[in-house]
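These notes concern the structure reproduced below.
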Amino acid sequence: MKTSNIVNETVINDTIKRNSGNDLRKFDEIIQKSLKMSGISFEEVAFLLNVTDENLINKLTAAAVKVKEAIYGKRIVLFAPLYTSSYCSNECKYCGFKTTLGISRKRLTNDEIKRDTEALINMGHKRILMVAAEDPLLSASTLAGQIETIYSIKHLNGQIRRVNVNVAPMSVEDFRILKRAGIGTYQCFQETYHRDTYSEMHLRGSKSDYDNRIHVFDRCIEAGIDDFGMGFLFGLYDVKFEVLALLQHVKFLEDRFGIGPHTISIPRLESAEGSDISKVSPFLVNDTDFIKITAILRLAVPYTGIILSTRENQVMRNRLLDVGVSQLSAGSITNPGGYSEEKSSKVKELDGAQFEVHDQRSLDEMIYHACLSGFIPSFCTGCYRKGRTGEVFQDMAKEKHIGSYCSMNAILTLQEYVEDYASPQTRKAAEKTISEQLSVLEENENKKSLIEKLSRIKSGQRDLMY
Ligand code: SAM
């Protein structure tokens, strides 16, 4: 593979230098422009990255939440990761699965995947992010079989309706195999866009090839997977550089293929077995900067979902919901087989897990808290199953037509959760959320149709959507 020039380090470094300072007028102009929701320029992002004044950061986060709500409404999409293998051929300095670590490893059989899937369905989940380390024995056909297994499980009223996948980059042919199996979003993080740091962090295995990784979405789009998720690991290199490099990557994909990322994830470096990088890296991102960067991403790529995992604790997750995060994992376990293990042996510490989980609220508790904070927890899979993916989805999001689908599908899937899984206190909170949402809807045909669908769900029908 030829050396990629997607990321131009000189341009990034010069842009960061050129845009330093707390010029109030310029700041206000950028914020006003961001509220039009068509994004802001590369230079403007660099300017915001250099802002340090607390009042300005507060204005920035307030703008981010306005943008998120104008596009997606108050809904928060919930999902859980399902790890299918912790065998790995790579040596990534920061990762708890790295090949030389003597941890107990596991590759789930299809029966074990069924058991974990059933456990997730019984919690109320409808969306899964299937995750695997770079296991040489997991071919594309095996991964496709795992996706099909997850989709095949029906338990009481429940079923997984969307399987997103985070696995190592693959060829166009292999992506086609995943496409045929019904993959939702394909997710892959560059970890760091800084070439020298990338080489320093990835010592062995195919992941040490920067160019192969950065061109992964070219191949996935060529295979017809037009929902893809990007990201980098916060803490490996200078975060201002990483944000601008990510935006250069987005621009490259938009220019070449006409589509940008469906989602951007914001994983922040965590403790992992056998790695002290999360303690000693000079580039660790503090809470204030983490909040600021999340807000800037929301303003820079307003149509893109921002995903936050349980790497963050409850306080930070609550804060980031207010800054434009639109998808959250909940009730997560990051070791293969963890969901169906006996409660007593459930891994809370790092034994065989990829990283430490800091928000250990159950899905039910998460839903309860989200409702109390004014959000609509959602298990919606409507867009993907109605063909609103890739460019179609992004055009609708850019034109702000996606929010009403998001809100109505969120209400319907929350009602399903109430009927099938909610604890008494969550049921009460969710019913209040649903009735408040209904009360602010205009009286029209859409509202009538939504009320009719809600009553069908209450009388036992499932999987109704827009
Ligand atoms: N094998 C796949 C690949 O190479 O992309 C999956 C990688 S891993 C299972 C998923 C993500 O977890 C990684 O891309 C990385 O960003 C993140 N991760 C790894 N170690 C981490 C750590 N110590 N703290 C936080 N996130 C970590």
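Details
- Any chance MET201 is surrounded by 18 or more Cβ atoms within 10 Å (Cβ to Cβ), at pLDDT 95 or above and in contact with a Lys or Arg (Cβ under 6 Å, 6 or more places away or on another chain): yes
- Complete set of residues in segment 390-430 that are open to solvent by 80 Å² or more (accessible area, probe 1.4 Å) and in a helix (DSSP H, G or I): GLU391, LYS398, PRO424, GLN425, ARG427, LYS428
- Count of segment 302-319 residues which are among the hydrophobic types (A, V, I, L, M, F, W, C) and within 11 Å of the chain's Cα centre (by Cα): 3
- Answer residue from segment 114-134, given it is part of a helix (DSSP H, G or I) and either of a type in the set (Lys, Arg) or within 16 Å of the ligand (Cβ to nearest atom) (or both) and is nearest to LEU308 (Cα to Cα) among those: ASP116
- Residue in segment 135-149 that is within 12 Å of the ligand (Cβ to nearest atom), of a type outside the set (A, V, I, L, M) and over 18 Å from ASP227 (Cβ atoms) present: yes
- Among residues of segment 111-131, those that are open to solvent by less than 10 Å² (accessible area, probe 1.4 Å) and of a type outside the set (S, T, N, Q), counted: 9
- Among the residues of segment 348-389, the one identified as open to solvent by 10 Å² or more (accessible area, probe 1.4 Å), assigned to a helix (DSSP H, G or I) and either touching a Phe, Trp or Tyr at 6+ places or on another chain (Cβ under 6 Å) or within 16 Å of the ligand (Cβ to nearest atom) (or both) is CYS383.
- On inspection, THR192 fails the criterion of being polar (S, T, N, Q) and more than 13 Å from the ligand (Cβ to nearest atom).
- Residue check, PHE283 of a type in the set (Phe, Trp, Tyr), within 16 Å of the ligand (Cβ to nearest atom) and either surrounded by fewer than 19 Cβ atoms within 10 Å (Cβ to Cβ) or closer than 22 Å to THR334 by Cβ (or both): yes
- Scanning segment 258-274 for residues that are outside any loop (DSSP other than H, G, I, E, B) and either surrounded by fewer than 19 Cβ atoms within 10 Å (Cβ to Cβ) or within 6 Å of the ligand (Cβ to nearest atom) (or both) yields a single hit, ALA272.
- Among the residues of segment 97-151, those that are closer than 30 Å to LEU412 by Cα and out of contact with any helix residue (DSSP H, G or I) (no Cβ under 8 Å at 6 or more places or on another chain) comprise ARG115, ASP116, GLU118, ALA119, LEU120, ILE121, ASN122, ARG127, LEU129, VAL131, GLU148, TYR151.
Rundown of residues vs (1) at pLDDT 95 or above; (2) out of contact with any helix residue (DSSP H, G or I) (no Cβ under 9 Å at 6 or more places or on another chain), yes/no style:
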position	(1), (2)
SER271	no, no
GLY274	no, yes
ILE277	no, no
PHE283	yes, no
ASN286	yes, yes
PHE290	yes, no
THR294	yes, no
LEU297	yes, no
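- Scanning segment 232-257 for residues that are aliphatic (A, V, I, L, M) and part of a helix (DSSP H, G or I) turns up VAL239, VAL243, LEU244, ALA245, LEU246, LEU247, VAL250, LEU253.
- Complete set of residues in segment 67-93 that are open to solvent by less than 20 Å² (accessible area, probe 1.4 Å), in a loop (DSSP other than H, G, I, E, B) and within 16 Å of the ligand (Cβ to nearest atom): SER86, ASN90
- The residues of segment 238-271 that are free of Cβ contacts under 8 Å to residues at least 40 places away in the same chain and among the aliphatic types (A, V, I, L, M) amount to a single one, LEU253.
- Count - residues of segment 286-306 that are β-branched (Val, Ile, Thr) and within 16 Å of the ligand (Cβ to nearest atom): 3
For every residue, the table says whether it meets (1) over 30 Å from ILE434 (Cβ atoms); (2) hydroxyl-bearing (Ser, Thr, Tyr); (3) open to solvent by 40 Å² or more (accessible area, probe 1.4 Å); (4) modelled with pLDDT of 95 or more.
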residue	(1), (2), (3), (4)
GLN32	yes, no, yes, yes
GLU43	yes, no, yes, yes
ALA46	yes, no, no, yes
VAL65	no, no, no, no
ARG105	yes, no, yes, no
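- Where ARG427 falls short, out of the listed (1) within 16 Å of the ligand (Cβ to nearest atom); (2) closer than 19 Å to LEU78 by Cα: (1)
The values are calculated or read from the model by the stated rules, or taken from the named source; none is laboratory data. A quick note: this is a predicted structure, and the numbers were derived from the prediction, not measured. All Cβ positions, even for glycine, are placed from backbone atoms using ideal geometry, and neighbour counts span all protein chains on display. In case anyone asks, the SASA skips ligands and DNA or RNA and just uses the protein heavy atoms, side chains included. Shrake-Rupley method; radii C 1.70, N 1.55, O 1.52, S 1.80 Å.
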